[in-house]
Amino acid sequence: MSKPDELLVDVAAMVESGHSNQMSLTVVTGGSVITGRLAPEAVWRQRVSEVLTDSARLGEFADIFTATDGPGDGPPTHLHFHVARILQGTVGIPETGGMYRVSIKDVTAWTVGDFSYH
């Protein structure tokens, strides 16, 4: 989208302001479908940092995700998914859910709720 969807920006702002991680969303971006729950950026960054810290090979990158000045001025520019999957056919990758950061301006379609194949 050349101009981000204002309603989607409002959803992201609500997640950021309420520090909630219960909003389920599915988006289409770059030809991929990502489905899962949104998290506030600070919570998402902390979780990514924890995962990297626990990695023998990637631990040195952990500090990048904790070094932040907090949310920037203005509306959110990204969606921060956790417990999310990229849908591919009849499966979600990874099965256990991953963490994705998606630019709101790159979302071409979205819906409230997540999809699962059980």
For segment 28-41, how many residues meet the condition of being free of Cβ contacts under 8 Å to residues at least 40 places away in the same chain and touching a His at 6+ places or on another chain (Cβ under 8 Å)? 1
Which of the following residues is surrounded by 11 or more Cβ atoms within 10 Å (Cβ to Cβ), in contact with a Gly (Cβ under 7 Å, 6 or more places away or on another chain) and modelled with pLDDT of 90 or more: Leu52, Leu58? Leu52
Within the group Thr96, Thr26, which residue is open to solvent by 30 Å² or more (accessible area, probe 1.4 Å) and in contact with a strand residue (DSSP E or B) (Cβ under 9 Å, 6 or more places away or on another chain)? Thr96
Exactly one condition in (1) in a strand (DSSP E or B); (2) at pLDDT below 95; (3) on the phi < 0 side of the Ramachandran plot; (4) open to solvent by 60 Å² or more (accessible area, probe 1.4 Å) is false for Arg101; which is it? (2)
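Among the residues that make up segment 8-22, is at least one of them closer than 21 Å to Leu87 by Cα and either more than 15 Å from the chain's Cα centre (by Cα) or surrounded by fewer than 15 Cβ atoms within 10 Å (Cβ to Cβ) (or both)? Spell out the reasoning first.
Pass one, segment 8-22, residues closer than 21 Å to Leu87 by Cα: 8, 21-22.
Within this subset, residues satisfying the condition of being either more than 15 Å from the chain's Cα centre (by Cα) or surrounded by fewer than 15 Cβ atoms within 10 Å (Cβ to Cβ) (or both) are 22.
Checked against the condition, which is being closer than 21 Å to Leu87 by Cα and either more than 15 Å from the chain's Cα centre (by Cα) or surrounded by fewer than 15 Cβ atoms within 10 Å (Cβ to Cβ) (or both), segment 8-22 yields at least one hit.
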Looking for something within 21 Å of Asp114 (Cα to Cα) and hydrophobic (A, V, I, L, M, F, W, C) - is there at least one such residue anywhere in segment 90-98? yes
Checking the structure you have, find out if any residue of segment 62-85 is at pLDDT below 90, assigned to a strand (DSSP E or B), of a type in the set (A, V, I, L, M) and out of contact with any Phe, Trp or Tyr (no Cβ under 8 Å at 6 or more places or on another chain). yes
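The values are calculated or read from the model by the stated rules, or taken from the named source; none is laboratory data. Here the structure is a predicted model, which means the values were calculated and not measured. Every residue, glycine as well, gets a Cβ built from its backbone with ideal geometry; the counts of neighbours run over all protein chains shown. Note: areas computed on protein heavy atoms with side chains; ligands, DNA, RNA excluded. Shrake-Rupley method; radii C 1.70, N 1.55, O 1.52, S 1.80 Å.
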